[in-house]
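The values are calculated or read from the model by the stated rules, or taken from the named source; none is laboratory data. Everything numeric here is computed off the predicted structure, so don't read it as measured data. Note that we place each Cβ from the backbone using ideal geometry, even for glycine, and neighbour counts take in every protein chain shown.
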Amino acid sequence: MPYVRVKPDDLAAVTAAVDLLNTARSVDDPDAFDDVAELSARWLEFGWDLQPHERYLYLPDGAETPVGVLDVQLPTRDNRHLVWAEITVHPDHRRRGHGTAMVEETVRRARESGRTTIWLGTAEDDEPARAFLEQRGFHYASHDARRRQRLADVDSAELDRLLQQARLAAADYELERYVPPVPEAILADLVDVTAAINDAPMGELTYEDEVFDLPRLRDIEAARDGRGDRVYRIAARHRATGRLGGHTLMVVNPLRPGRASQGDTAVHRDHRGHRLGLLLKIEMMRWLAEAEPEVEVVETWNNADNSYMINVNESIGYRLSRVFAMYERNLA
Ligand SMILES: CC(C)(COP(=O)(O)OP(=O)(O)OC[C@H]1O[C@@H](n2cnc3c(N)ncnc32)[C@H](O)[C@@H]1OP(=O)(O)O)[C@@H](O)C(=O)NCCC(=O)NCCS
C-alpha cells in the first residue's frame, strides 16, 4: 500500500509529514507559519474534539521518502456525508500524477464509507491548483480569509474609543473570564452561544449545522488540554435574564511562542446588535496583554463573506493575509 498512516507516537513519521508540508508551504504559501512536529503529533492524537483526522504519507512505487501527504477527516457527530481532505505533493514531485492518485484515494475512501461530499481547499489565487481541482470534478463552493493582527501595530487610542462605544452599547451585559477547567455549569451555559457559530456563512458548501452539546464541549476542552493549549475565554452574560449572549476564545500554545490563535467568537441571535462581538474581542486583547505579554501576532480565520466579523476584526487592527478557496465534489 502506498499510504502509510502517521501515528501520533511515531515521531519519525510525524516529522517526515511536517517537513514535507513545511517545504510545500514555503513554495505555495510562504506567509504561513511553519508546523511544529510535536504539536502536529498532538493534533493527530487529540484532534479538535477527541476525533482526530487521519494523516497518511504517500510513498508510491516503493519510494523511500514520501512524495505527498494526504489528510482526511470523516466527521461522525454530524455531517456524515462528508470527507474533508487535504492533498499536498512535494514541490519536486509535481505533475507526475501523484496529486491525481491522492484525489482518487480520497474518492475511494468516500465511496467505501458511503459518503457523498468531498472538500478540498487551495489558495484562491493558486490558478494551477484550482485548474487541477476543476479538472477532477470539483467546483468552487466557498472561501475563507486568513487575517493577522500584529499587536505592536494596533492603534491603541482607536481601540480605547471603540471600547468605550462598545461598553455603552452593551451596558446590559457583564463579562466573565474563564480559563480551564471551566466549571461544568458554565460549560452547559456555553452550549447555545457555541452553537451560534452555525450562523456564520458557509458559501455553497453542502453542510449541515454542527451539533454542539455538553459532551462535545467537554471533549473539545479535553482535546485542548491534551494539546497543551492555554485557553482564555470571555463570555458576556445578560444581566436581566442571566443568559449568556456571546463568547470569544483565544488559544496560545507554548510550542508556538509569540503567537496566538483566535478561536470562535459568537453572539447568539437573541443578543445581536449590542456590539458584543467588538466588546468581547477588545476585552480579550487586554487580557492577552496581561496574561501572555510575549504574544506578538494573533491569527484569525473567517469565511470571506462574514462581513460583520471581518469589519470588527479590521477595526481592531487585523489585516488580510490571504484568501483560500474551498472546492467540493459530489459523488453519485
Ligand atoms: C495541486 C497539487 C496537489 C497537484 O499535484 P500534482 O502531483 O502536480 O498533480 P498531478 O501530477 O496529478 O496533476 C497535475 C495536473 O494538474 C494541473 N497542474 C498542476 N500544477 C500545475 C502548474 N504548475 N501549472 C499548470 N497546471 C498544473 C495540470 O492539469 C497538470 O496536468 P499536466 O501536468 O498533465 O499538465 C500540487 O500542486 C500541490 O500539492 N499543491 C500545493 C497544495 C495544494 O494547493 N493542495 C490543494 C490541491 S488539492
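Yes/no per residue for (1) at pLDDT 95 or above; (2) of a type in the set (A, V, I, L, M):
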site	(1), (2)
199	no, no
213	yes, no
216	yes, no
220	yes, yes
243	yes, no
259	yes, no
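Can you tell me which residue is surrounded by the most Cβ atoms within 10 Å (Cβ to Cβ) among those in the range 249-307 that are acidic (Asp, Glu) and outside any strand (DSSP E or B)? Even if it seems obvious, please write down each step before you answer.
Initial filter on the range 249-307 (acidic (Asp, Glu)): 264, 270, 283, 290, 292, 294, 296, 299, 305.
Adding the requirement that they be outside any strand (DSSP E or B) leaves 270, 283, 290, 292, 294, 296, 305.
Details: 270: 11, 283: 18, 290: 7, 292: 16, 294: 9, 296: 15, 305: 14.
It comes out as 283.
Residue 49 - would you say it is among the acidic types (Asp, Glu) and either within 16 Å of the ligand (Cβ to nearest atom) or at pLDDT below 95 (or both)?
On the way: among the acidic types (Asp, Glu): yes; either within 16 Å of the ligand (Cβ to nearest atom) or at pLDDT below 95 (or both): no.
So residue 49 fails the test.
Filter the range 309-320 down to residues that are crowded, with 16+ Cβ neighbours inside 10 Å and either out of contact with any helix residue (DSSP H, G or I) (no Cβ under 7 Å at 6 or more places or on another chain) or under 30 Å from residue 109 (Cα atoms) (or both), then give me how many there are.
Result for the range 309-320: 3.
Have a look at 174, 210, 204 and point out the one that is surrounded by fewer than 19 Cβ atoms within 10 Å (Cβ to Cβ), among the acidic types (Asp, Glu) and in contact with a Ser or Thr (Cβ under 7 Å, 6 or more places away or on another chain). Please lay out each step first, then the result.
On the way: 174 fails: in contact with a Ser or Thr (Cβ under 7 Å, 6 or more places away or on another chain); 210 fails: in contact with a Ser or Thr (Cβ under 7 Å, 6 or more places away or on another chain).
Exactly one of 174, 210, 204 is surrounded by fewer than 19 Cβ atoms within 10 Å (Cβ to Cβ), among the acidic types (Asp, Glu) and in contact with a Ser or Thr (Cβ under 7 Å, 6 or more places away or on another chain), namely 204.
Give the number of residues within the range 57-75 that are closer than 21 Å to residue 223 by Cβ and not hydrophobic (A, V, I, L, M, F, W, C).
Adding up the residues that qualify gives 3.
Step by step: first the residues of the range 76-106, then only those that are within 8 Å of the ligand (Cβ to nearest atom) and aliphatic (A, V, I, L, M), then the one that is surrounded by the most Cβ atoms within 10 Å (Cβ to Cβ). Which residue is that?
Ranking the qualifying residues of the range 76-106, first place goes to 102.
So, restricting to helices (runs of 4 or more DSSP H) that lie completely within the range 107-226, which ones have at least 2 residues that are without any contact (Cβ under 8 Å) to a residue 60 or more places away in the chain, away from the ligand (no atom under 16 Å from the Cβ) and more than 23 Å from residue 318 (Cα to Cα)?
Result: 184-195.
Taking into account only those residues within the range 59-75 that are within 12 Å of the ligand (Cβ to nearest atom) and not hydrophobic (A, V, I, L, M, F, W, C), which is farthest from residue 210 (Cα to Cα)?
Filtering the range 59-75 for residues that are within 12 Å of the ligand (Cβ to nearest atom) and not hydrophobic (A, V, I, L, M, F, W, C), the one farthest from residue 210 (Cα to Cα) comes out as 60.
Limited to the range 11-22, what total is found for residues that are surrounded by 15 or more Cβ atoms within 10 Å (Cβ to Cβ) and either in contact with a helix residue (DSSP H, G or I) (Cβ under 7 Å, 6 or more places away or on another chain) or of a type in the set (A, V, I, L, M) (or both)?
Going through the range 11-22 one residue at a time, the tally reaches 8.
Considering each residue of the range 134-171, count those that are surrounded by 14 or more Cβ atoms within 10 Å (Cβ to Cβ), among the basic types (Lys, Arg) and more than 25 Å from the chain's Cα centre (by Cα), and give that number.
2
Being within 14 Å of residue 311 (Cα to Cα) and under 20 Å from the mean Cα position of the chain (by Cα) is the filter here; which residues of the range 262-277 pass it?
Within the range 262-277, 265, 277 qualify.
Counting only residues that are without any contact (Cβ under 8 Å) to a residue 40 or more places away in the chain, under 21 Å from residue 227 (Cα atoms) and not aromatic (Phe, Trp, Tyr), give me the strands (runs of 3 or more DSSP E) lying completely in the range 25-94 with at least 2 of them.
Filter on the range 25-94 gives 68-73.
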